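Below is one structure, written out as structure tokens, with a few remarks after it.
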Amino acid sequence: MPIIYDEKKRTFKLDTATSSYIIKIYEENYLLNLYYGAPIPETYISGRECRQRNASFSLANSVIGERAFTPDTAPMEYGCNGAADFRISALAVRNINGDSVTDIRYVDHKIYAGKPGIPGQPSSYVNNESEADTLEIYAEDAVTGVRVTLYYTVFSSCGVMTRRVRVENTSSFCCDIERVFSLCVDLPTMDYDFISLYGLHYKERYVERRPLAHGLQGIESKRGVSGHCQNPFVALAEHNADERHGTVYGFNLVYSGNFSALAECDFNHSTRLIMGINPVDFGWRLAPGEYFDSPEAVMVFTEGGIGEMSRIFHRFYNTNLIRGRWKNQKRPLLINSWEAAFFDFDTEKLVDFAKTAKQLGIEMLVMDDGWFGRRNNDTCSLGDWFVNEEKLPGGLVPLIEQVNKEGLKFGIWYEPEMISPDSELFRKHPDWHVHVAGREPMIGRHQYVLDVSREDVRDNIWQQMYKVLSENKIDYVKWDFNRNISDAGSALLPADRKKEFFHRFILGTYDLMNRLVTTFPDILFENCSGGGGRFDPAMLCYSPQIWTSDNTDPIERLYIQFGTSMCYPASTMGAHVSANRRTGYETKGNVAMWGTFGYELDPRKLTEQEVEIVKEQVRRYHEYYDLIHYGDLYRLISPFDNPYRAAWQIVSQEKDCFMLTLVTMRSELYPNIIVKLQGLDPKKQYRNETTGDICSGALLMNAGLVLNNVASRTGESCVIYFTEA
Ligand code: DGJ
């Protein structure tokens, strides 16, 4: 059984294929974490309850005894505020008396097969009940009546656990949640590196690794979205852990709003990590009987190194997070109008794109920004989601008919959570944008954020979208979001609930997205936020693919895609070949092939030679689609570690074929490149489809491949396919 309750020891044991996790109901019903690590058979480990070492100012519960136990040095399962645990707390609830002391103790529990969803929020799911088991632990603060449910779901075969909490007010007075994190993990040492993904627009998700130090360290977003600057992903890796070896804990928050992931190392050299909604500018009022659900956090533990952590996340997201028709169905190869035309297009030009694209084998035309209102540049019309008939005479029907006649599907762009001050919508509803009293809100890209925390606002946008999507044959929607949220407030929220705004905004976004995917289940939905500014697991619950970055330079994309692949699979990474870059089409295609492949250029401007390259890329896209989307990724040479080149490998689940890509970022005069492959069956024989050579998986993994004479000049690259001989 993946979840066991040992009645004698009063412990819960949660097992996955790669980890064990033990929770203890201690004296006075304190909930402690005794273990999270590699699988062990025991349901209890003695001597883990107390970590006190000369902590002279730590406080004790008099009943349990000062030397034996103090919350400040105990491995708390869910550390709360103000009751003698002085580390960063996962929960603080202000009660009717005005204090925020929160002290929860075990009351009861329930174990069952399957996994419940979270009302109104995205989360991972089970395909059938036998795939996962769930433990609910109920804990209560006897003084304030705050009741907490700690949810743990164990996906035992794939090395994943998910966690979240529900906070309920069982008292007869209102209370206010000041902070509520989705997970809290207390580890007995601090011998880890903290790995996170930082960046900005055009440079998303660069990998950063630093040793933990005493005190607080962490990452956050206060931008209203998960954002370009930090991703809601953190790993703790042993100092010597690398792609292939070592202990790694990976954490990813299924949330698209303000988040925080903090690690604190204390005087005992132990580590507490918490991850959840950012408490800055957050608060939530609970009336008697009401509850609040935190977002879900995904936890992975492996001894197989950072590479194996990534593969566990990838398999899990492909199987238990992404959903809907396009989860397993081959997605159409698209061409997007943005970099080809920006705002300068009309029906004729788009039909021309479609005609030329068809000859290349492209399957869908996406009309990006600029089709609605009076949108001829980015200064106006967001919120006016009706067709600009000056550009598209007769509306979308004649355009789509002609595109379909060429055999291409048709996609469209939206930015539903935005409003231009110069729009009909704004003139009609000058209080529908996000703002606070007495301040002119900051403007970004000439636009305000629309207050989608309000139902009336959402209904209006939804009705406009519904009209276009139901009256036209639209196969794809790109959902964009092109600024961060400042001056955060909603005209409808009273002063004592203003801190609820950011979370309500994200719930509103989820609601709109949910309406889209449930009303139009056949539409393929791609998320985007000024490139990859909202690349998080929550968005993957609605859109199986996300535009990874506006930066399509293949060399710069190496860093972005290596970083993104830390936890997100290739099937989710929108990656397009575009024009106007220094590097040749071969390399553009080889890099973009590691993702949901497409084009972002004027196909009429391709030279004859480029046309042939593109046709070959399209052929390969179809041939290797399953391998790329559902194979296992091995990052062989990281651009973050090697100034000259990057290499990666994608191996089929059956290990009967794989592809190896090598990109030279900077040439060397005397290269000596031996690449050791990974993840193969050592006993199988593999044929190199380029040279015809046959050799064993053992040789390829142990002796490696010499690659001195391929793709050795700056900007060159090669892809070598291998199949079982
Ligand atoms: C930002 C996106 O990342 C681009 O791909 C494009 O859709 C523009 N917005 C359109 O305004």
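The values are calculated or read from the model by the stated rules, or taken from the named source; none is laboratory data. Quick caveat: nothing in here was measured; it's all calculated off a predicted structure. Cβ placement follows ideal geometry from the backbone for every residue including glycine, while neighbour counts extend to all protein chains displayed. SASA here: full protein model, heavy atoms, side chains in, ligands and nucleic acids out. Shrake-Rupley method; radii C 1.70, N 1.55, O 1.52, S 1.80 Å.
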When residues of region 362-389 are limited to those that are more than 11 Å from the ligand (Cβ to nearest atom) and open to solvent by 30 Å² or more (accessible area, probe 1.4 Å), the one nearest to the chain's Cα centre (by Cα): Glu363
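If a residue must be in a loop (DSSP other than H, G, I, E, B) and surrounded by fewer than 19 Cβ atoms within 10 Å (Cβ to Cβ), how many such residues does region 209-221 contain? Walk me through it before giving the result.
The initial filter retains those residues of region 209-221 that are in a loop (DSSP other than H, G, I, E, B), namely 212-214, 221.
Within this subset, residues satisfying the condition of being surrounded by fewer than 19 Cβ atoms within 10 Å (Cβ to Cβ) are 213-214.
So the answer is 2.
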Of all residues in region 376-415 being out of contact with any strand residue (DSSP E or B) (no Cβ under 8 Å at 6 or more places or on another chain) and of a type in the set (A, V, I, L, M, F, W, C), the one that is nearest to Ile523 (Cα to Cα): Val397
If a residue must be away from the ligand (no atom under 16 Å from the Cβ) and either of a type in the set (D, E, K, R) or within 15 Å of Ile506 (Cβ to Cβ) (or both), how many such residues does region 477-488 contain? 3
Matching option when the condition is open to solvent by 10 Å² or more (accessible area, probe 1.4 Å) and not in a helix (DSSP H, G or I), among Tyr542, Tyr466: Tyr542
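Give the number of residues within region 473-486 that are surrounded by 16 or more Cβ atoms within 10 Å (Cβ to Cβ) and over 23 Å from the mean Cα position of the chain (by Cα).
Within region 473-486, the first condition is being surrounded by 16 or more Cβ atoms within 10 Å (Cβ to Cβ), and the residues that meet it are 474-486.
Okay, now just the ones that are also over 23 Å from the mean Cα position of the chain (by Cα), so 474-475.
Of the residues in region 473-486, 2 are surrounded by 16 or more Cβ atoms within 10 Å (Cβ to Cβ) and over 23 Å from the mean Cα position of the chain (by Cα).
Just name the residue that is surrounded by the most Cβ atoms within 10 Å (Cβ to Cβ) out of those in region 188-205 that are in a strand (DSSP E or B) and over 14 Å from the mean Cα position of the chain (by Cα).
Gly199
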Failed condition for His629, given (1) open to solvent by 20 Å² or more (accessible area, probe 1.4 Å); (2) within 17 Å of Ser565 (Cα to Cα); (3) in contact with a helix residue (DSSP H, G or I) (Cβ under 7 Å, 6 or more places away or on another chain); (4) not β-branched (Val, Ile, Thr): (1)
Criterion first (loosely packed, with under 15 Cβ neighbours inside 10 Å, in the same structural domain as Arg375 (by TED's automatic domain parsing) and away from the ligand (no atom under 16 Å from the Cβ)) does Glu424 satisfy it? no
In the set Leu450, Leu396, which member is open to solvent by less than 10 Å² (accessible area, probe 1.4 Å) and closer than 30 Å to Val618 by Cβ? Leu396
Test: Ile506 is under 14 Å from Gly120 (Cβ atoms), open to solvent by less than 20 Å² (accessible area, probe 1.4 Å), of a type in the set (Val, Ile, Thr) and away from the ligand (no atom under 16 Å from the Cβ): yes
Yes or no: region 581-593 includes at least one residue that is surrounded by fewer than 24 Cβ atoms within 10 Å (Cβ to Cβ) and within 16 Å of the ligand (Cβ to nearest atom). yes
Examine region 651-669 for a residue that is closer than 27 Å to Phe316 by Cα, open to solvent by 30 Å² or more (accessible area, probe 1.4 Å), touching a residue at least 40 places away in the same chain (Cβ under 8 Å) and in contact with a Ser or Thr (Cβ under 6 Å, 6 or more places away or on another chain), and state whether such a residue exists. yes
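Please verify whether region 291-303 includes one or more residues that are in a strand (DSSP E or B), within 16 Å of the ligand (Cβ to nearest atom) and touching a residue at least 40 places away in the same chain (Cβ under 8 Å). Full working, then the answer.
Just the residues of region 291-303 that are in a strand (DSSP E or B), to begin with: 291-293, 296-302.
Adding the requirement that they be within 16 Å of the ligand (Cβ to nearest atom) leaves none.
Scanning region 291-303, I find no residue that is in a strand (DSSP E or B), within 16 Å of the ligand (Cβ to nearest atom) and touching a residue at least 40 places away in the same chain (Cβ under 8 Å), so the answer is no.
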From Arg323, Arg311, residue being away from the ligand (no atom under 16 Å from the Cβ), in a loop (DSSP other than H, G, I, E, B) and at pLDDT 95 or above: Arg323
Condition first: closer than 19 Å to Ala341 by Cα, at pLDDT 95 or above and of a type outside the set (Lys, Arg). Now tell me which residues in region 580-606 satisfy that. Gly598, Tyr599, Glu600, Leu601, Asp602, Pro603, Leu606
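How about region 326-343: which of its residues are within 16 Å of the ligand (Cβ to nearest atom) and part of a loop (DSSP other than H, G, I, E, B)? Step through it out loud before you land on a result.
Going through region 326-343, the residues within 16 Å of the ligand (Cβ to nearest atom) turn out to be 334-343.
Answer for region 326-343, where residues must be within 16 Å of the ligand (Cβ to nearest atom) and part of a loop (DSSP other than H, G, I, E, B): Ser337, Phe342, Phe343.
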Conditions (1) within 16 Å of the ligand (Cβ to nearest atom); (2) open to solvent by 10 Å² or more (accessible area, probe 1.4 Å); number of the one not met by Phe525: (2)
Cβ-Cβ distance below 7 Å, separation of 6 or more or different chains: which pairs start in region 6-31 with a residue that is modelled with pLDDT of 95 or more and end on one that is in a helix (DSSP H, G or I) and surrounded by fewer than 17 Cβ atoms within 10 Å (Cβ to Cβ)? Ala17/Ser157
